[in-house]
Structure formats: C-alpha cells, structure tokens
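Novice: Below is the structure I would like to discuss, written out as structure tokens.
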Amino acid sequence: MSCDYLALATPGVQGLHPYQPGKPLDELEREYGVTNAIKLASNENPLGPSPDVLMALKGLCSVEGLARYPDGGCFRLKTALATHLQQDPACFTIGNGSNDVLELIARAFVQPGQGILFSEHAFALYPIIGQAISAELQMAPAKNWGHDLEAMRAAITDNTRVIFIANPNNPTGTWLDSASLRAFLEAVPENIIVVVDEAYFEYVQEADYPDTSLWLGDFPNLIVTRTFSKAYALAGLRIGYSISSKQIADILNRVRQPFNADSFALLAAEVALKDQAHLQQAIALNKAGMAQFEAGFAKLGLNFIPSIGNFISVDVQTNGMALYDRMLREGVIVRPVANYGMPQHLRISIGLETENLRCLQVLENLL
Ligand SMILES: *Cc1c(COP(=O)(O)O)cnc(C)c1O
C-alpha cells in the first residue's frame, strides 16, 4: 500500500547524511533549559554587522521592499564587488550564502559518477554536495591536519571534474601559502575546475596567504568563493559569491535560481562592503580573541591547531563529543568535530573577550 519513497530517491540522496549545523541558542534553551548561554559554534562574527547595514535594512522594511522581487541580476552588488575587488562585474556569481555557489558549481560541472576531490578534514559540505548528485567522492589524506597538495595531486584521476580547496580550511584553520597553491594550480589539467573556498579571506593577515582572485587571468579553471557570513557578519541573511572567468560565471548563472539572493541580503552586502572601518574592527577583535584562546589553551596544557580563521580547533585529549555535551550544560556551545575525523578536538569560534573567557573557564573546570 504505502510506497518506500527512500527507495525512489536518487542513489546519492539515499546515502546522504545532512549537514550538522552548530546548535542554536534557543534550541539549547528548549532542550536543556539552559539560559544565558553563549554560542561559539558556527564561526559567526561576535561584533555583528556594520550599523549602516541595520539602518539600510530598516529602510527596506516597507510594503514596496517586501512585495517586489529582488533584482535577479544582482546589479548593484556585482557593481560594488567589482569596484571593491577590481574585477569585471560579469565575473561574479551571487549565491544564497557561498554554500549555494559551491553547489551550483557541482551541479553545473559534475555528472553522476564523476569525481569530486577534496581533502580529509576539509569542510563538510564538499562531500555532502558530491553525494547529493551521486558523484564519486575522492578524498585525499591530510598532512598535519591541513591539505596535502601533493596527496591531492596524486588523487586526481581521469574521472575528477571538480577539486575543492578550503583556504583556510574549516574546521582546522590550516592554510596554504601562495607558492604551494600556485604550483598546485599549475599542475592541474585545465579541464578540471579548481574551487578555492576563501570564506575567511578578510580575516587573514599572513603575508604569503594568496589572494587567488588575482590569479583568475592565469588559471581559466579557477573559481574563488567568498562570503558575507563570516567577517561581514551577515550569516543570517545568506549571501556569498564566486569570482571566476566570465564564461564560468555565465554557466553558473544558468543553474542559479533567479532570486536566490533576496533584496535584504543584496542590500546588506552592498552596504557592508562600504564600511571597511567596521570590518577592520572585527578583524582586530578576532586577532585579540585568537591570542586569548592560544594563551588559555597553553595554560591548560592543551594542544591546538594554529588557525588563521575566526575559530580554533583544540585537542581536548578526551572524547570531544562527551565534553561538548558537558559544556552545553554549562551554557557554552562549541562544535564537536568527530564527523570530520577529529574525535578528540573541539572547534571553538572566537567570540567577545568575556565569551572567550567564560569558555576557557568552563573548559578548565570540566577537564
Ligand atoms: C562558513 C563557510 C562557508 C560559507 O558558508 P555560507 O554559505 O557563505 O554561509 C564556506 N566555506 C567554508 C569553508 C566555511 O567555513
């Protein structure tokens, strides 16, 4: 009588395990009755967005602003990005978060059975995106928690269509320098798309960290993705983008939903981009918070993976999931990363100074 709809789902979807987001604060309150909790679990920006963004969004809160479709061509945001990054507006593809763009890339270029290559411990979305379209998942082993570009190169097969590289990587915070990444790109055949996911780009201070958007002229198979979710603090609005050749942007725009970015997100991103002073504040706060955690972990005798993002993964020398659960009860939400092959680590997002302190104190009490 009743049909097994799972059997009707595509093979990829049948084997799919959905992405596990960080626990929202109100869920913690609902499930555990814990109030006054802090969330350091999703690499959100504790400073929040530019006040100019809040002002602009209020202006859009009108019948007209809500009832009209957004600008499907994203003209104003693309123009603002083009000016800011000195690129042609036609090189941009706007997404509902950069995750949306990552998925568009896979849908546009990878047929069922074809290969998606990524590193061990890399961002969880790459295998999820590949699995959803029944791709062959090709995982190269990591080295010192980071991407091992030699291993990735060795893992390329005739079947590989798209390579995902997170720089820096989440959840490890590890990164690739300019010379290594460039040498890798030079070695990859032009018919394989290489996506460099730079979700934390704005936070990075290291001198030899590459701005790969400057290499687009050299590598026609390169796609760079960035987001307004992290340093620009607009995670709730869902807006990100890719920069690529015009031809690739044209291809991605064929599979893109015309209104994947809503009017509020488009306006917020455009305004956020203009307030570079606010962005600098967020970067400074992150830098101080990172130093605070590094010193705190050293004091507790805990090893951590040096990170250039707005988060840090620490080796808690015990079952990370169990510790995560005990921390929840103390009102501190962090991120267990056992699903990344890191069962003894916790990933902690850099918060406000008081939040970082509270997290370190809870760790000290529980360990
Ligand atoms: C957070 C993150 C993203 C961005 O997600 P959005 O969809 O833009 O919010 C992309 N890649 C990595 C590695 C991330 O950590």
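The values are calculated or read from the model by the stated rules, or taken from the named source; none is laboratory data. None of the values given here were measured: they were computed from a predicted structure. Neighbour counts run over all protein chains shown; Cβ positions are idealised from the backbone, glycine included. Heads up: the accessible areas ignore ligands, DNA and RNA and are worked out on the full protein's heavy atoms, side chains in. Shrake-Rupley method; radii C 1.70, N 1.55, O 1.52, S 1.80 Å.
Novice: Would you call Val196 outside any loop (DSSP other than H, G, I, E, B) and either touching a residue at least 40 places away in the same chain (Cβ under 8 Å) or of a type in the set (Lys, Arg) (or both)?
Specialist: No; evaluated as a whole, the condition is false for this residue.
Novice: Related question: Take the residues in segment 349-367 that are in contact with a helix residue (DSSP H, G or I) (Cβ under 6 Å, 6 or more places away or on another chain) and buried (at least 17 other Cβ atoms within 10 Å of the Cβ), then tell me which one is nearest to Ile308 (Cα to Cα).
Specialist: The selected residue is Ile350.
Novice: Let me ask something else. Within segment 99-116, which residues are open to solvent by less than 10 Å² (accessible area, probe 1.4 Å) and within 14 Å of the ligand (Cβ to nearest atom)?
Specialist: If the condition is that a residue be open to solvent by less than 10 Å² (accessible area, probe 1.4 Å) and within 14 Å of the ligand (Cβ to nearest atom), then Val101, Leu102, Leu104, Ile105, Ala106 are the ones that fit.
Novice: If the Cβ limit is 7 Å and pairs must be 6+ apart or interchain, which residue in segment 119-130 that is within 19 Å of Arg107 (Cβ to Cβ) and open to solvent by 10 Å² or more (accessible area, probe 1.4 Å) pairs with which residue that is in a strand (DSSP E or B) and within 11 Å of the ligand (Cβ to nearest atom)?
Specialist: Sorted first by the residue in segment 119-130, then by its partner, the pairs are Phe123/Ala166; Phe123/Asp197; Pro127/Phe118.
Novice: Within the bounds of segment 7-23, is there any residue that is free of Cβ contacts under 8 Å to residues at least 40 places away in the same chain and closer than 30 Å to Val314 by Cα?
Specialist: There is at least one residue in segment 7-23 that is free of Cβ contacts under 8 Å to residues at least 40 places away in the same chain and closer than 30 Å to Val314 by Cα.
Novice: Sticking with this one: Any residue in segment 277-303 that is over 24 Å from Ser50 (Cα atoms) and crowded, with 19+ Cβ neighbours inside 10 Å sitting within a Cβ distance under 8 Å of a residue that is at pLDDT 95 or above and aromatic (Phe, Trp, Tyr)? List the pairs, counting only those 6 or more apart or interchain.
Specialist: Listed pairs, sorted by first residue: Phe293/Phe304; Phe297/Phe304.
Novice: Can Leu222 be described as away from the ligand (no atom under 15 Å from the Cβ), open to solvent by 20 Å² or more (accessible area, probe 1.4 Å) and either under 30 Å from Asn191 (Cβ atoms) or not hydrophobic (A, V, I, L, M, F, W, C) (or both)?
Specialist: Against the criterion (away from the ligand (no atom under 15 Å from the Cβ), open to solvent by 20 Å² or more (accessible area, probe 1.4 Å) and either under 30 Å from Asn191 (Cβ atoms) or not hydrophobic (A, V, I, L, M, F, W, C) (or both)), Leu222 does not qualify.
Novice: Given Leu137, Leu81, Leu125, Leu77, which one is out of contact with any strand residue (DSSP E or B) (no Cβ under 8 Å at 6 or more places or on another chain), at pLDDT 95 or above and not acidic (Asp, Glu)?
Specialist: The unique qualifying residue is Leu125.
Novice: Is one or more of the residues making up segment 132-144 touching a His at 6+ places or on another chain (Cβ under 6 Å) and either more than 14 Å from the ligand (Cβ to nearest atom) or of a type in the set (Ser, Thr, Tyr) (or both)?
Specialist: There is at least one residue in segment 132-144 that is touching a His at 6+ places or on another chain (Cβ under 6 Å) and either more than 14 Å from the ligand (Cβ to nearest atom) or of a type in the set (Ser, Thr, Tyr) (or both).
Novice: From the residues in segment 42-67 that are under 30 Å from Arg347 (Cα atoms) and of a type in the set (Gly, Ala, Ser), which one is farthest from the ligand (Cβ to nearest atom)?
Specialist: Selected residue: Ser50.
Novice: While we're here: So which residues in segment 233-255 are part of a loop (DSSP other than H, G, I, E, B), open to solvent by 30 Å² or more (accessible area, probe 1.4 Å) and within 16 Å of the ligand (Cβ to nearest atom), if there are any at all?
Specialist: Passing the criteria: only Arg238.
Novice: Taking Ser229, is it open to solvent by less than 40 Å² (accessible area, probe 1.4 Å), within 30 Å of Gly130 (Cα to Cα), in a helix (DSSP H, G or I) and modelled with pLDDT of 95 or more?
Specialist: So Ser229 fails the test.
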